[in-house]
Amino acid sequence: MTNRVALVTGGMGGIGNAICKALGKAGHTVVTTYSKPGREDAWVAEMKTLGISAHAYPCDVTDAAQCAALVAQVSSEIGPVAVLVNNAGITRDGTLRKMSAEDWSAVLATNLDSVFFMARPVIDGMLDAGWGRIINISSINGQKGQFGQTNYSAAKAGMHGFTMALAQEVARKGVTVNTISPGYIATEMVMAVPEDVRNKIIGQIPVGRLGTPEEIAGLVTYLASDIAGFITGANLSINGGQHTM
Ligand code: CAA
Ligand code: NAP
């Protein structure tokens with residue numbers, strides 16, 4: 001069965017857009033969120049040209065009330081959320097000596113608090129249905145740490161702690177919870193890294209290039225499928241060999 005409702009946060013970003021397309025092409029009805037309005041109509045129209053049933057809703061994932069209201073609205077207007085992909089995220093890089101409390105809090109709120117804010121309102125429906133998939137998009141830098149990213153590395157490592165705990169709570173009811181940890185993927189987030197620093201990082205990737213959003217989306221689609229029901233609590237690395245564990 002592939003015609004379920006999949007809710008992907010941040011689906012108009014580089015990786016999220018590819019995830020929405022892949023889930024849509026697999027037959028799911030795709031719902032995404034945005035915090036900056038203006039692109040939603042064009043995004044829905046593009047999905048439509050690909051034959052994908054897609055919907056976009058405004059939602060700041062750092063706001064618990066907005067997340068709960070979104071899930072209620074999607075459930076009543078489209079259907080119960082069967083697949084949740086926590087993909088929305090930001091960076092605010094800087095060494096700890098230069099990091100402000102605002103940069104710490106913004107990164108923790110967007111990358112980590114959001115995972116709780118979205119999972120909490122969807123979990124009862126998944127348990128009642130006896131089927132569900134929660135996929136958290138973490139990062140290689142949550143696995144290995146990264147110079148200049150104490151905030152981001154902490155948030156992304158925290159995501160996997162959440163995954164491991166929730167996976168145990170819901171496994172018996174047909175709900176899986178997994179983390180994907182991408183390495184450096186060619187999106188605006190990575191293009192914001194100064195070119196000289198970025199080129200040094202690319203030099204550390206054994207495959208010799210940045211990853212593509214489609215490579216992440218393929219793994220998400222697999223984890224969202226029925227055949228992936230025995231994978232839960234896992235942290236799946238997809239990083240061109242940059243960090244092996
Ligand atoms: N390892 C060791 N030392 C380093 C270093 C590194 N990776 N990077 C910089 N340094 C050193 C510098 O050489 C410098 O040394 P000196 O004082 O002796 O000259 C010192 O640290 C301070 O460096 P900067 O002046 O460059 O520090 P800064 O505060 O201006 O900039 C930074 C630091 C913003 C973090 C910059 O290094 C940077 O952008 N790094 C990239 C961080 C990164 O990888 N971000 C990933 C974003 S994409 C993403 O996050 C997606 C994902 O999940 C993969
Ligand atoms: P991106 O292109 O910058 O997209 C980020 C998305 O997050 C945007 O759609 C953005 O929507 C959304 N977002 C940010 N803050 C939000 C908020 N408060 N509420 C709702 N949505 C919000 O980044 P990306 O590269 O695709 O990254 C997607 C995810 O993959 C992130 O979690 C990132 O940490 C992770 N990741 C990326 C890489 C990489 O190399 N690119 C590697 C590992 C992990 P708006 O523009 O509407 O705010």
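The values are calculated or read from the model by the stated rules, or taken from the named source; none is laboratory data. Note that this is a predicted model, so its numbers are computed, not measured. Here Cβ is always computed from backbone atoms with ideal geometry, including for glycine, and neighbour counts include all displayed protein chains. For the accessible areas, the whole protein counts, side chains as well, though only heavy atoms, and no ligand, DNA or RNA atoms are used. Shrake-Rupley method; radii C 1.70, N 1.55, O 1.52, S 1.80 Å.
Can you say whether Asp128 is free of Cβ contacts under 8 Å to residues at least 12 places away in the same chain, more than 22 Å from Ile202 (Cα to Cα) and open to solvent by 30 Å² or more (accessible area, probe 1.4 Å), as far as the supplied structure shows? Give the steps one after another, and end with the answer.
Numbers: free of Cβ contacts under 8 Å to residues at least 12 places away in the same chain: yes; more than 22 Å from Ile202 (Cα to Cα): yes; open to solvent by 30 Å² or more (accessible area, probe 1.4 Å): yes.
When the stated conditions are applied, Asp128 passes them.
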- prompt: Of the residues Ala64, Ala106, Ala22, which is under 18 Å from the mean Cα position of the chain (by Cα) and near ligand 2 (Cβ under 10 Å from one of its atoms)?
  reply: Ala106
- request: Taking Asn235 as meeting all but one of (1) under 14 Å from the mean Cα position of the chain (by Cα); (2) surrounded by fewer than 14 Cβ atoms within 10 Å (Cβ to Cβ), write down the number of the exception.
  value: (2)
- prompt: Filter region 21-53 for residues that are touching a residue at least 40 places away in the same chain (Cβ under 8 Å) and hydrophobic (A, V, I, L, M, F, W, C); which is nearest to ligand 1 (Cβ to nearest atom)?
  reply: Ala22
query: What are the residue pairs meeting all of these: first residue in region 89-116, first residue without any contact (Cβ under 8 Å) to a residue 12 or more places away in the chain, second residue within 15 Å of ligand 2 (Cβ to nearest atom) and open to solvent by 50 Å² or more (accessible area, probe 1.4 Å), Cβ atoms under 9 Å, and 6 or more apart or on different chains?
result: Ser100/Arg92; Glu102/Arg92
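Here's the yes/no breakdown for (1) in contact with a Leu (Cβ under 6 Å, 6 or more places away or on another chain); (2) within 14 Å of ligand 1 (Cβ to nearest atom):
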| residue | (1), (2) |
| --- | --- |
| Ser139 | no, yes |
| Tyr152 | no, yes |
| Pro182 | no, yes |
| Ala186 | yes, yes |
| Val193 | no, yes |
| Asn199 | no, yes |
| Ile227 | no, no |
| Phe230 | no, no |
| Met245 | no, no |
task: Output the residues belonging to region 182-204 that are near ligand 2 (Cβ under 7 Å from one of its atoms) and of a type outside the set (A, V, I, L, M).
output: Pro182, Gly183, Tyr184, Thr187, Glu188
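Kindly indicate whether Leu166 is touching a strand residue (DSSP E or B) at 6+ places or on another chain (Cβ under 6 Å) and among the hydrophobic types (A, V, I, L, M, F, W, C). Let's see the steps before the verdict.
Values: touching a strand residue (DSSP E or B) at 6+ places or on another chain (Cβ under 6 Å): yes; among the hydrophobic types (A, V, I, L, M, F, W, C): yes.
Yes.
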statement: Checked Thr95, Thr91 against criteria (among the β-branched types (Val, Ile, Thr), within 14 Å of ligand 2 (Cβ to nearest atom) and closer than 22 Å to Pro194 by Cα); the one match is Thr91
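Using the structure shown, decide if Met159 is modelled with pLDDT of 95 or more and more than 16 Å from ligand 1 (Cβ to nearest atom).
Values: modelled with pLDDT of 95 or more: yes; more than 16 Å from ligand 1 (Cβ to nearest atom): no.
For Met159, the condition - modelled with pLDDT of 95 or more and more than 16 Å from ligand 1 (Cβ to nearest atom) - is not met.
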Matching entry among Val44, Val5, Val31 (being more than 8 Å from ligand 2 (Cβ to nearest atom), open to solvent by 20 Å² or more (accessible area, probe 1.4 Å) and β-branched (Val, Ile, Thr)): Val44
